[in-house]
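*Asks:* The structure follows.
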Amino acid sequence: MARQAGLRSAGDDASRRSGTPTARTREPSWIGIDVDNILISQPAPGVTQLTLNRPERLNALTYDLVTELHDALDAVDRDHACRAVVITGAGRGFCAGLDLNGFGTVPGTETFGRPQQGMAVQQYIARLVPHMRDVRQPIISAINGPCAGGGFAIALASDIRVCSESARFGTAFVRLGLSGCDIGVSWMLPRLIGASRAWELLLTGRVFDSAEADKLGLVTERVPDDQIVDTALAVAERIKANSPFGVWMTKEVMWSNLETGSLQAGIDMENRTQIMASMTEDTRRGMAGFLSRQPIEWENK
């Protein structure tokens, strides 16, 4: 925890310099949570970085890692000083998917049959997708190498994706005798790159590189390997320039509108959210700052 304490102090000092309110200078809610497979840090004021930390296994998913990621997401969501989240992998990979040496058993299912245990594991991993969608802060995946299976799903569930030149992507499920539709991938991928391209990728199970990911529009930036986290942090800084509530509502409405059944229903949701946001003090502050061309100090009120 010494690592975290040092980061906390630097972040608090910077928050005070930036004019954010005193309430935001309290220590982050993730201080003290028990994690080994996820490194939690604060690389910049208002930004929390979650680093998948099983580099010897290309950060492959186990029960412990997934549990700690769920816990970390809960802690981040409680931290109102946090404005953006970066997820990346330790070592030379982002996440290679399920650990083929064994995921582990979901507690309480030890006496279940094999299909029942498998379903419990499947559902536990898949819950990461709606969990990431429900976190208030935008999540930026800094994809720094192999990104496959469940790791690919984590990347798709992020709000923004940037990748390194060495990144590689794929879902090999169909090549293993399984369905290519897994952990929300068959819902998210067509919405991100279009149904035709998504079908080809899922039906062939082929691996594709960072250049193709960029061409498909799966990622917004493709950068040299040593710039991947800095690139994600730069995106986070651009997000932080906007009002906390406005960013929260933008993320929520965009995800909700992916699930909305009609244009009118989507517009109705936008209308109500926009009027609600217009009643905040931050909106008045933002309008005044825009007209006067003065820096805006958001207070989340």
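*Asks:* Could you give the length gained by full extension between L291 and M279, i.e. 0.36 nm per residue of separation minus their alpha carbon distance, to one decimal place?
*Replies:* Result: 2.5 nm gained on full extension.
*Asks:* Take the solvent-accessible surface of the protein heavy atoms, probe 1.4 Å, and return the percent of it on region 194-294 that carbon and sulfur atoms account for.
*Replies:* The C+S portion of the solvent-accessible surface of region 194-294 is 57 percent.
*Asks:* With a 1.4 Å probe and every protein chain left in place, work out the accessible area per residue of region 183-287 in Å², rounded to a whole number.
*Replies:* On a per-residue basis, 57 Å².
*Asks:* Looking only at GluC sites (Glu not before Pro) in DSSP loops with at most 12 other Cβ atoms within 10 Å, what is the longest site-free stretch of the chain?
*Replies:* The reported range is 111-296.
*Asks:* In addition: Could you work out the Kirkwood radius for the chain, taking every pair of different alpha carbons, averaging 1/r and inverting it, reported in Å?
*Replies:* 20.3 Å
*Asks:* Continuing with this model, one more query. How many Å² of accessible area per residue for region 42-126, probe 1.4 Å?
*Replies:* Here the per-residue accessible area is 42 Å².
*Asks:* To the nearest 10 degrees, how steep is helix 263-278 against the longest Cα principal axis of the chain, on a 0 to 90 scale?
*Replies:* Helix 263-278 and the main axis of the chain meet at about 40 degrees.
*Asks:* Still on this model: For the chain, give the magnitude of the charge dipole about the Cα centre (Cβ charges: +1 Lys/Arg, -1 Asp/Glu; no others), in debye to the nearest 20.
*Replies:* Charge dipole, the chain, about its Cα centre: 440 debye, nearest 20.
*Asks:* Which aspartates and glutamates have a Cα lying under 13 Å from the Cα of K301, excluding residues fewer than 8 positions away in the same chain?
*Replies:* Within the straight-line cut-off, K301 pairs with E281, D282.
*Asks:* Return one number: the angle in degrees, 0 to 90 and rounded to the nearest 10, between the long axis of the Cα atoms of helix 244-259 and the longest principal axis of the Cα atoms of the chain.
*Replies:* 40 degrees
*Asks:* What is the sum of charges around A213, taking Lys and Arg as +1, Asp and Glu as -1, for the other residues whose C-beta is under 15 Å from the C-beta of A213?
*Replies:* Here the count lands on -1.
*Asks:* Rounded, prolate or oblate: which fits region 120-248, taking a ≥ b ≥ c as square roots of the Cα gyration tensor eigenvalues, rounded meaning a/c under 1.5, else prolate when a/b beats b/c?
*Replies:* oblate
*Asks:* Quick check on region 192-297: what are the equivalent-ellipsoid semi-axes from the Cα gyration tensor, as sqrt(5λ), descending, whole Å?
*Replies:* 34, 23, 9
*Asks:* Using +1 at the Cβ of each Lys and Arg and -1 at the Cβ of each Asp and Glu in the chain, identify which of I267, L128, G217 lies farthest towards the dipole's positive end.
*Replies:* Farthest towards the positive pole: I267.
*Asks:* Ok, one more. Just the Cα atoms of region 42-156: what Rg and Dmax do they give in Å?
*Replies:* 14.4, 48
*Asks:* For the chain, what relative contact order do you get, as a whole percent, if you take Cα pairs closer than 8 Å and at least 6 residues apart?
*Replies:* 15 percent
*Asks:* Sticking with this structure for a sec: Can you pull the percent of region 108-159's accessible area that's carbon plus sulfur, 1.4 Å probe, other chains left in place?
*Replies:* It is 58 percent, rounded to a whole number.
The values are calculated or read from the model by the stated rules, or taken from the named source; none is laboratory data. Because the structure is a prediction, the values reported are computed rather than measured. Using ideal geometry, Cβ is built from the backbone for each residue, glycine included, and neighbour counts are taken over all protein chains shown. Ligands, DNA and RNA are stripped out before the accessible areas are found, and what is left, the full protein with its side chains, is counted by its heavy atoms. Shrake-Rupley method; radii C 1.70, N 1.55, O 1.52, S 1.80 Å.
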